[in-house]
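Engineer: Supplied in structure tokens, the structure appears directly below.
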Amino acid sequence: MAQCPHCEREVAVEYRYCPCCAEPLRLKLVELFRGADEDEHRALRVSHYVQERRVRFSVWDESGTARAAVSLDEDGAARLGAFVTPRRSKSQTLIDDLRALVRR
């Protein structure tokens with residue numbers, strides 16, 4: 001059993017919302033990324049479970065079936081984010097970055 005953070009009543013762990021007060025029992029942010037090139041028929045779904053401090057990645061095929069999944073803790077997800085973020089040259093400034101975004 002879990003406890004609702006709003007009304008403090010006991011709630012079965014399988015519930016997403018408290019049956020007594022309708023408070024969400026977990027905050028999950030989800031983003032879907034379509035594959036590129038030969039993977040255009042696949043998608044990457046990224047779910048960030050805020051209270052649980054973990055991020056789950058799942059690969060979906062053209063039929064809408066998850067084919068693989070892996071979870072990272074928030075530190076691992078931050079490392080992944082830093083890895084895929086383009087590096088700025090030492091001479092490039094934040095103003096240069098903003099100008100480039102406006103030109104797009």
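Engineer: Only one of these is more than 23 Å from the chain's Cα centre (by Cα) and surrounded by 14 or more Cβ atoms within 10 Å (Cβ to Cβ): VAL55, VAL59, VAL11. Name it.
Structural biologist: Only one candidate passes the filter, namely VAL11.
Engineer: TYR17 passes all but one of (1) under 18 Å from the mean Cα position of the chain (by Cα); (2) surrounded by 13 or more Cβ atoms within 10 Å (Cβ to Cβ); (3) farther than 20 Å from GLY81 by Cβ; which number fails?
Structural biologist: In the conditions (1) under 18 Å from the mean Cα position of the chain (by Cα); (2) surrounded by 13 or more Cβ atoms within 10 Å (Cβ to Cβ); (3) farther than 20 Å from GLY81 by Cβ, TYR17 misses (1) alone.
Engineer: While we're looking at this one, here's another question. Looking at (1) surrounded by 12 or more Cβ atoms within 10 Å (Cβ to Cβ); (2) among the basic types (Lys, Arg); (3) in a helix (DSSP H, G or I), can you tell me which one ARG99 breaks?
Structural biologist: Going through the list (1) surrounded by 12 or more Cβ atoms within 10 Å (Cβ to Cβ); (2) among the basic types (Lys, Arg); (3) in a helix (DSSP H, G or I), ARG99 breaks only (1).
Engineer: Do the conditions hold for GLY64, that is, is it without any contact (Cβ under 8 Å) to a residue 12 or more places away in the chain and under 19 Å from the mean Cα position of the chain (by Cα)?
Structural biologist: yes
Engineer: How many residues are more than 17 Å from the chain's Cα centre (by Cα) and modelled with pLDDT of 90 or more if we restrict to region 24-41?
Structural biologist: So the answer is 6.
Engineer: Next question. Looking at region 62-78 only, could you name the residues that are over 15 Å from PHE33 (Cβ atoms) and surrounded by 11 or more Cβ atoms within 10 Å (Cβ to Cβ)?
Structural biologist: The answer is SER71, LEU72, ASP73, GLU74, GLY76, ALA78.
Engineer: Give HIS48, HIS41 a once-over and let me know the one that is out of contact with any His (no Cβ under 9 Å at 6 or more places or on another chain), surrounded by 14 or more Cβ atoms within 10 Å (Cβ to Cβ) and either in contact (Cβ under 8 Å) with a residue 24 or more places away in the chain or over 24 Å from ARG26 (Cβ atoms) (or both).
Structural biologist: Unique residue meeting the criteria: HIS48.
The values are calculated or read from the model by the stated rules, or taken from the named source; none is laboratory data. Nothing here was measured: the structure is a model prediction, and the numbers come from that model. Virtual Cβ from ideal backbone geometry, glycine too; neighbours counted across all protein chains shown.
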